[in-house]
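Data first, discussion second: the structure below is written as structure tokens.
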Amino acid sequence: MSFIILKGTLIKKSQQKRRTSPCNYKERFFVLDTQDLTYSEQRPGKKPSQKGCIELSRIKCVEIVCSEAPIPCSNKYPFQVVHDNCYLYIFAPDNDCRQRWVRALKEETKCNALLLKYHPNFWTEGRWRCCYQTEKMATGCQEYDPVGYGTGIFHLKSGKEGAFMVRDSRHAGVYTVSVFTKAPGSNGQKNPRVKHYQIRQSQAEEMSKFYLAEKYLFMTIPELIQYHQHNAAGLITRLRHPISQGRESFQSQWEVDPAELILGEEVGSGQFGLVLQGRWRERRVAVKMVREGAMSEEEFKEEARVMTMLSHCKLVQLYGVCTQHSPMCLVFELMEQGCLSDYLRARRGRMSQDTLLGMCLDVSEGMAYLESNNFIHRDLAARNCLVSCNNVVKVSDFGMTRFVLDDQYTSSQGSKFPIKWSSPEVIKYCKFSSKSDVWSFGVFMWEVYTEGRLPYENRSNGEVVEALNAGLRLLKPRQAPEAVHLLMEWCWKEVGGKDLPGSHLYC
């Protein structure tokens with residue numbers, strides 16, 4: 001079943017799939033749902049006639065079009081949808097409308113096989129207006145940003161040479177400097193565009209340093225930015241005019257208007273509050289409402305901040321936050337079948353080996369993404385994974401998740417953590433790493449193959465600690481094949497005994 005996300009009247013340019021196709025602009029009624037982008041002709045007194053339908057899974061890029069040329073139709077705010085080998089140019093009546101469509105389309109297509117580079121200007125008269133290439137299917141000239149920060153904000157907020165911002169790249173925890181320039185292109189003609197430079201780290205054994213150009217290394221990112229504000233030193237232009245992404249930018253992208261939320265029945269509860277089913281902008285959602293006093297505003301913002309940096313089809317997706325509402329709440333994609341531990345218990349004795357293995361593979365994909373982007377979950381368990389209507393299992397509950405640079409996080413004394421899912425080094429020293437997440441993944445697999453039993457269910461936390469120190473481990477689940485049990489045992493080696501990173505396990 002599909003749900004409508006956005007609909008409205010826009011203008012489209014003919015896609016000119018053949019050289020002889022006419023170039024024209026027509027008003028169409030567009031509908032974006034969770035499966036397709038469709039457009040229809042609407043005439044007074046007549047039934048709408050569908051003129052086109054694009055499956056969302058076929059979309060490779062959605063982005064604003066930046067052009068200084070006159071727009072030959074009444075709507076002056078263009079954006080593009082690249083699908084298959086076609087370019088669909090759509091024109092919105094104002095910038096707010098355009099941004100709504102671009103954001104919604106990016107959100108629905110973020111797990112697709114996307115372009116690495118795209119063309120920010122029109123294809124017209126046999127060439128690309130951005131890079132002057134004459135082959136329509138030529139590789140793009142600008143890095144595609146599926147998160148949706150960079151390109152549009154520069155052209156819309158600034159036309160200044162050297163306007164720049166430091167932002168998260170598509171890989172969470174990795175930073176990119178994006179800078180606007182009007183410097184001439186290779187053909188000598190003025191070519192307004194945004195260039196993106198990833199901030200890299202040297203591989204020095206003693207102490208790594210940050211750099212944009214390898215000859216110029218700095219101890220901190222602020223020092224790097226300060227230097228390049230005065231020296232181009234390998235960049236296309238100096239970093240002259242900073243553009244802030246501060247509070248206003250975050251709220252404009254993630255803040256949800258409480259008036260747009262329709263709350264329904266309770267679907268879950270926990271130590272921090274209730275989870276309600278709801279609807280937001282024609283989309284079914286889950287709303288996590290924070291119980292007063294259960295979580296500080298700083299803790300709430302930290303969980304929200306982490307989730308805005310994560311985007312993967314095997315992680316539960318954040319849609320927005322409500323900070324101007326009491327109680328504060330987080331708005332997530334709805335996982336219709338609830339938490340995995342309850343799902344397993346309700347179907348005990350009725351699930352196949354393929355189903356159980358598939359659950360483990362789903363979660364391993366999400367955990368591999370977290371590790372590859374330098375995040376440690378710290379609370380992986382079946383209770384913190386959710387099941388969709390299509391029986392896909394996704395990792396959730398990022399309240400304890402932390403970004404790390406050196407694959408290690410030491411928690412403060414007195415911090416609480418789930419003993420029965422924790423590795424010995426976490427219990428002894430409060431030291432978390434990707435390898436402690438691997439230990440938890442082993443316990444998670446044990447939960448799956450026992451169909452929802454609690455680990456060490458007849459032992460207290462103190463008894464579990466003594467057993468682990470004595471080298472004892474959870475017994476092989478009856479349903480687990482020997483190969484799966486061997487994998488569990490490998491997860492439960494202490495840190496010094498794991499000779500491969502967790503990414504090898506998850507893959």
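The values are calculated or read from the model by the stated rules, or taken from the named source; none is laboratory data. Since we're looking at a predicted model, the values are computed, not measured. With ideal geometry, Cβ positions are generated from the backbone for all residues, glycine too; neighbour counts draw on all protein chains shown.
List of remarks:
- Of all residues in region 78-91, none satisfies being assigned by TED's automatic domain parsing to the domain that holds Tyr25, in a loop (DSSP other than H, G, I, E, B) and under 13 Å from Leu10 (Cα atoms).
- Single unsatisfied condition, Lys47 versus (1) buried (at least 16 other Cβ atoms within 10 Å of the Cβ); (2) outside any strand (DSSP E or B): (1)
Condition check ((1) exposed (fewer than 13 other Cβ atoms within 10 Å of the Cβ); (2) within 25 Å of the chain's Cα centre (by Cα); (3) modelled with pLDDT of 80 or more; (4) not in a helix (DSSP H, G or I)) across all residues:
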{"position": "Ser208", "(1), (2), (3), (4)": "no, no, no, yes"}
{"position": "Ala213", "(1), (2), (3), (4)": "no, no, yes, yes"}
{"position": "His228", "(1), (2), (3), (4)": "no, no, yes, no"}
{"position": "Gly234", "(1), (2), (3), (4)": "no, no, yes, yes"}
{"position": "Thr237", "(1), (2), (3), (4)": "no, no, yes, yes"}
{"position": "Ser244", "(1), (2), (3), (4)": "yes, yes, no, yes"}
{"position": "Phe250", "(1), (2), (3), (4)": "no, yes, no, no"}
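- Of the listed requirements (1) buried (at least 17 other Cβ atoms within 10 Å of the Cβ); (2) part of a loop (DSSP other than H, G, I, E, B); (3) of a type outside the set (Lys, Arg); (4) modelled with pLDDT of 85 or more, Asp145 misses just one: (4).
Every residue, every condition in (1) among the aromatic types (Phe, Trp, Tyr); (2) under 29 Å from Cys141 (Cα atoms); (3) in contact (Cβ under 8 Å) with a residue 24 or more places away in the chain, yes or no:
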site: Asp33; (1), (2), (3): no, no, yes
site: Cys53; (1), (2), (3): no, yes, no
site: Ser57; (1), (2), (3): no, yes, yes
site: Pro72; (1), (2), (3): no, yes, yes
site: Cys86; (1), (2), (3): no, yes, yes
site: Asp94; (1), (2), (3): no, yes, no
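- With respect to the stated conditions, Val177 fails to be modelled with pLDDT under 85, hydrophobic (A, V, I, L, M, F, W, C), farther than 30 Å from Gln277 by Cα and surrounded by 14 or more Cβ atoms within 10 Å (Cβ to Cβ).
- Only one of Leu318, Leu340 that is modelled with pLDDT of 90 or more and surrounded by 18 or more Cβ atoms within 10 Å (Cβ to Cβ): Leu340
- Filter result for Lys431 (out of contact with any strand residue (DSSP E or B) (no Cβ under 6 Å at 6 or more places or on another chain) and modelled with pLDDT under 95): no
- Within region 257-374, strands (runs of 3 or more DSSP E) holding 1 or more residues that are touching a residue at least 12 places away in the same chain (Cβ under 8 Å) and aromatic (Phe, Trp, Tyr): 273-280, 318-322, 329-333
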